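Everything below concerns the one structure shown next.
The values are calculated or read from the model by the stated rules, or taken from the named source; none is laboratory data. Quick caveat: nothing in here was measured; it's all calculated off a predicted structure. Don't worry about glycine lacking a Cβ; one is built from the backbone with ideal geometry, like all the others, and counts go over all protein chains shown. Heavy atoms of the whole protein, side chains included, go into the accessibility calculation; ligands, DNA and RNA do not. Shrake-Rupley method; radii C 1.70, N 1.55, O 1.52, S 1.80 Å.
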Amino acid sequence: MLAPLIAASLFAFSLMACTATGDSADMTPSGLNGGDNGGNSGNGNKDNPGGDSQDSTTLSELVEMVNVSAMGITRNDVVFSVSAYSIGATEVTQGLYRKVMGAIPKEDSLGDDYPVFNVSWYDAALFCNALSKKVGLDTAYVYESLNAGGELVGLSINYAAESVRLPTEMEWEIAARAGTLTTYYWDTDVASKYAYYGQSKGPTKVAEYIPNDAGLYDMAGNVAEWVNDWYYAYPTVSQKNYSGPDEGNYKVLRGGGWSDKAPALATGEREKKDPKHRSQTIGFRIVYSSGI
């Protein structure tokens with residue numbers, strides 16, 4: 001089915017090692033069953049939002065994760081390859097966020113199975129650190145302090161850490177495509193079977209729509225998702241584990257949200273927002289990486 005679509009594609013995408021089915025036999029992340037690296041040494045964080053130190057809880061007990069094999073995507077003759085990782089089957093829910101961080105704003109509470117929203121990029125990073133600590137992993141986000149404006153001061157991201165973090169933009173897109181090269185991961189099928197969009201009443205429960213071929217729910221619609229990268233033009237030379245520029249003014253959002261029209265749901269679409277921005281249309285999903 002893909003052959004004529006590839007030939008006619010205006011986006012010049014291709015995938016290598018297209019096995020993002022969730023069945024990868026060659027990737028069994030140790031961190032999904034808990035870690036033994038002490039979690040917090042040398043991470044530079046002066047704050048510990050969420051409060052929980054590591055315990056006997058494992059990541060797989062808290063979050064359904066889907067394995068994605070090492071692979072690459074070609075965009076206009078530039079190859080972006082990524083190492084193997086695992087990604088949350090759903091967006092982070094209000095129930096999980098409350099379990100890790102202690103609370104969500106009362107006015108935002110819809111139920112444990114709804115995606116968390118009104119979270120800034122910095123909020124998402126703090127959640128990832130707190131969840132990493134809770135399951136005995138290292139932390140990816142290193143910072144000096146959290147200021148009154150909700151910004152992490154002196155922030156850097158340790159991609160070598162075995163940790164929970166936000167996906168890079170390329171990790172997100174490869175997972176969303178799940179081996180497809182079409183504009184939408186459902187090809188020409190009816191979009192409303194796969195995505196919750198064009199609405200005016202707020203988000204819906206996660207995993208109510210058909211997942212993509214990797215078993216990932218709501219990779220389009222429901223809430224738009226923060227990714228790690230600063231927004232910038234894509235490089236013009238091939239990259240391995242590309243994570244965007246070191247600094248910028250805006251962070252990337254992917255997937256479109258519940259209030260968006262269909263074009264915003266296209267797998268290759270990207271949006272940018274100030275990392276302090278919060279909205280009812282924005283949430284996030286996590287990845288586990290053994291380090292890149």
Scanning for something crowded, with 16+ Cβ neighbours inside 10 Å, part of a strand (DSSP E or B) and aromatic (Phe, Trp, Tyr), does the stretch 219-233 turn up at least one residue?
yes
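Listed here are the residues, each with its yes/no results for (1) on the phi < 0 side of the Ramachandran plot; (2) in contact with a Ser or Thr (Cβ under 8 Å, 6 or more places away or on another chain); (3) buried (at least 24 other Cβ atoms within 10 Å of the Cβ).
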position	(1), (2), (3)
89	yes, no, no
121	yes, no, yes
133	yes, yes, yes
142	yes, yes, no
145	yes, no, no
Going through the stretch 242-263 in order, the residues found to be more than 15 Å from the chain's Cα centre (by Cα) and either surrounded by fewer than 20 Cβ atoms within 10 Å (Cβ to Cβ) or of a type in the set (D, E, K, R) (or both) are 245, 246, 247, 248, 249, 250, 259, 260, 261, 262, 263
List pairs: first in the stretch 266-283 and in contact (Cβ under 8 Å) with a residue 24 or more places away in the chain and in a loop (DSSP other than H, G, I, E, B), second open to solvent by 20 Å² or more (accessible area, probe 1.4 Å) and acidic (Asp, Glu), Cβ under 9 Å, 6+ apart or cross-chain?
275/151; 276/151; 278/123; 281/260
Quick one: which residue in 209, 114 is free of Cβ contacts under 8 Å to residues at least 40 places away in the same chain and farther than 17 Å from residue 68 by Cα?
209
Is one or more of the residues making up the stretch 180-190 over 21 Å from residue 252 (Cβ atoms), of a type in the set (Val, Ile, Thr), free of Cβ contacts under 8 Å to residues at least 40 places away in the same chain and open to solvent by 10 Å² or more (accessible area, probe 1.4 Å)?
yes
If you scan the stretch 147-159, which residues turn out to be within 18 Å of residue 247 (Cα to Cα), open to solvent by 10 Å² or more (accessible area, probe 1.4 Å) and of a type in the set (A, V, I, L, M)?
153, 155, 157
